[in-house]
Amino acid sequence: MTTAFITHPACLLHDMGPYHPESPDRLRAISDRMIAAGVDAHLLHREARPATREQLARVHADAYLDEIEAASPDEGLHYLDPDTALCPDSVAAATHAAGAAVLAVDMVMSGQCRTAFCAVRPPGHHAERSHAMGFCVFNSVAVAAAHAMEAHGLSRVAIVDFDVHHGNGTEAIFARDPRVLMVGTFQYPLYPYSGVEPLGPNMHNVPLEAGSGTEALQAAVREHWLPALEAHQPELVIISAGFDAHREDPLASLAFTESDYAWITRQLIDVAERHAQGRIVSSLEGGYSLSALGRSVVEHVRVLVAS
Ligand SMILES: [Zn+2]
């Protein structure tokens, strides 16, 4: 079955300055590696549509959506927090990033593909209902989960977050919503310094100390993620796919490699095949070593394609 690869040129135009690690070069590194590895030719390429106001408003407050629209600058940068800025093209990029995740849900639910990867930026998992932070403006994965439930009638969705940073925004949006199970690993202590105390019984957070690698990751997945996923029986698996836990990443200190991402992906395919007809929607979050990011996405998508 097919894997879709969804992106949009607008995502390359979001630019927070020459020294910001969340740069347009990240998407160029991914597409370059996908072509070099020969994976690109096996994908169903689709261009994202912008998420609609209604789709965004399922997880963001109306006042917040108004605030972001009003903050969009005509020139230069408008800082939403010390690490997160809007340039004139940023709102379009964030709207298409969320729209990519919506399209991915529509495509896997209609059977046009079984799995989908969204190569988009800005990332989303730190964005809360009314708050931009940590390079994130709109929470694309949360928008996707809400779309799967509201537009496609699903009653059980799982969100898996293996970014090196805790997905505080996604957790805050869905805490205590029994339809959504969230499992995650992240380095702790590290930005945003949350996640150790889960906000609800549907949140399965596994903090990992600096230096943790394959062994700690596999233990977390086997002992915490997989039992929770089996119990929840998700009809769709959504991945917050951050690759900044890679040992080469400059922003954090976990020691994952691209083969760890391939292994995680295989575990999630097994879950999706048992419960979700194989349906997986994966959306890019972090990953700031351009080389490691490109190689890791290749391994992640290669496993999706082979499923
Ligand atoms: Zn991250």
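Kindly establish whether V160 is within 13 Å of the chain's Cα centre (by Cα), open to solvent by less than 10 Å² (accessible area, probe 1.4 Å) and within 18 Å of H275 (Cβ to Cβ). Give the steps one after another, and end with the answer.
On the way: within 13 Å of the chain's Cα centre (by Cα): yes; open to solvent by less than 10 Å² (accessible area, probe 1.4 Å): yes; within 18 Å of H275 (Cβ to Cβ): yes.
In short, yes.
Just one of the numbered conditions (1) in contact (Cβ under 8 Å) with a residue 24 or more places away in the chain; (2) more than 12 Å from the chain's Cα centre (by Cα); (3) more than 22 Å from V39 (Cβ to Cβ); (4) away from the ligand (no atom under 16 Å from the Cβ) is not true of S110: (1).
Considered as a group, the residues in segment 270-295 that are more than 25 Å from R121 (Cβ to Cβ) and open to solvent by 10 Å² or more (accessible area, probe 1.4 Å) include one that is nearest to the ligand (Cβ to nearest atom), and that residue is D270. Only residues that are part of a loop (DSSP other than H, G, I, E, B), more than 16 Å from the ligand (Cβ to nearest atom) and in contact with a Leu (Cβ under 7 Å, 6 or more places away or on another chain) were counted across segment 152-175, and they come to 2.
Which residues, counting only those in segment 119-139, are more than 16 Å from the ligand (Cβ to nearest atom) and outside any loop (DSSP other than H, G, I, E, B)? Residue satisfying the conditions is H131 alone. Being more than 19 Å from A142 (Cα to Cα) and in contact with a helix residue (DSSP H, G or I) (Cβ under 8 Å, 6 or more places away or on another chain) holds for only one residue in D74, D81, D89, and it is D89. None of V221, V281, V271 is part of a helix (DSSP H, G or I), touching a residue at least 24 places away in the same chain (Cβ under 8 Å) and under 29 Å from S110 (Cα atoms) except V271. When we screen A231, A210, A142 for residues that are open to solvent by 10 Å² or more (accessible area, probe 1.4 Å), out of contact with any Asp or Glu (no Cβ under 7 Å at 6 or more places or on another chain) and in a helix (DSSP H, G or I), the only hit is A231. Residue pairs whose Cβ atoms lie under 7 Å apart, separated by 6 or more positions or on different chains, with the first residue in segment 71-94 and touching a residue at least 40 places away in the same chain (Cβ under 8 Å) and the second open to solvent by 60 Å² or more (accessible area, probe 1.4 Å) and assigned to a strand (DSSP E or B), are A85/H78; A85/Y79; L86/H78.
For segment 241-256, the set of residues classified as more than 13 Å from the ligand (Cβ to nearest atom) and open to solvent by 30 Å² or more (accessible area, probe 1.4 Å) consists of R247, E248, listed by residue number.
Considering segment 1-81, the qualifying strands (runs of 3 or more DSSP E), each wholly inside and each with 3 or more residues that are open to solvent by 40 Å² or more (accessible area, probe 1.4 Å) and not polar (S, T, N, Q), run over 43-47, 78-81.
Give segment 296-307 a look and list any residue that's more than 16 Å from the ligand (Cβ to nearest atom) and open to solvent by less than 10 Å² (accessible area, probe 1.4 Å), or say none. Before you say what the answer is, go through the steps one by one.
Taking segment 296-307 and keeping what is more than 16 Å from the ligand (Cβ to nearest atom), we get 298-299, 301-307.
Of everything in segment 296-307, those that are more than 16 Å from the ligand (Cβ to nearest atom) and open to solvent by less than 10 Å² (accessible area, probe 1.4 Å) turn out to be V298, V301, L304.
Residues that are open to solvent by less than 10 Å² (accessible area, probe 1.4 Å) and over 20 Å from G17 (Cα atoms) within segment 82-109 comprise A98, G99, A100, A101, V102, A104, V105, M107, V108, listed in sequence order.
Given the criterion open to solvent by 40 Å² or more (accessible area, probe 1.4 Å), touching a helix residue (DSSP H, G or I) at 6+ places or on another chain (Cβ under 9 Å) and of a type in the set (D, E, K, R), identify the matching residue among E128, E197. Talk me through it step by step, then tell me what you get.
Numbers: E197 fails: touching a helix residue (DSSP H, G or I) at 6+ places or on another chain (Cβ under 9 Å).
Only one candidate qualifies: E128.
Of the residues contained in segment 234-251, none is found to be assigned to a helix (DSSP H, G or I) and more than 18 Å from I159 (Cα to Cα).
The values are calculated or read from the model by the stated rules, or taken from the named source; none is laboratory data. As the structure is a computational prediction, the values presented were derived from the model and not from experiment. FYI the Cβ positions are ideal-geometry reconstructions off the backbone, even for glycines, and counts take in every protein chain you see. Note: accessible area is taken over every heavy atom of the protein model, side chains too, but ligands, DNA and RNA are not part of it. Shrake-Rupley method; radii C 1.70, N 1.55, O 1.52, S 1.80 Å.
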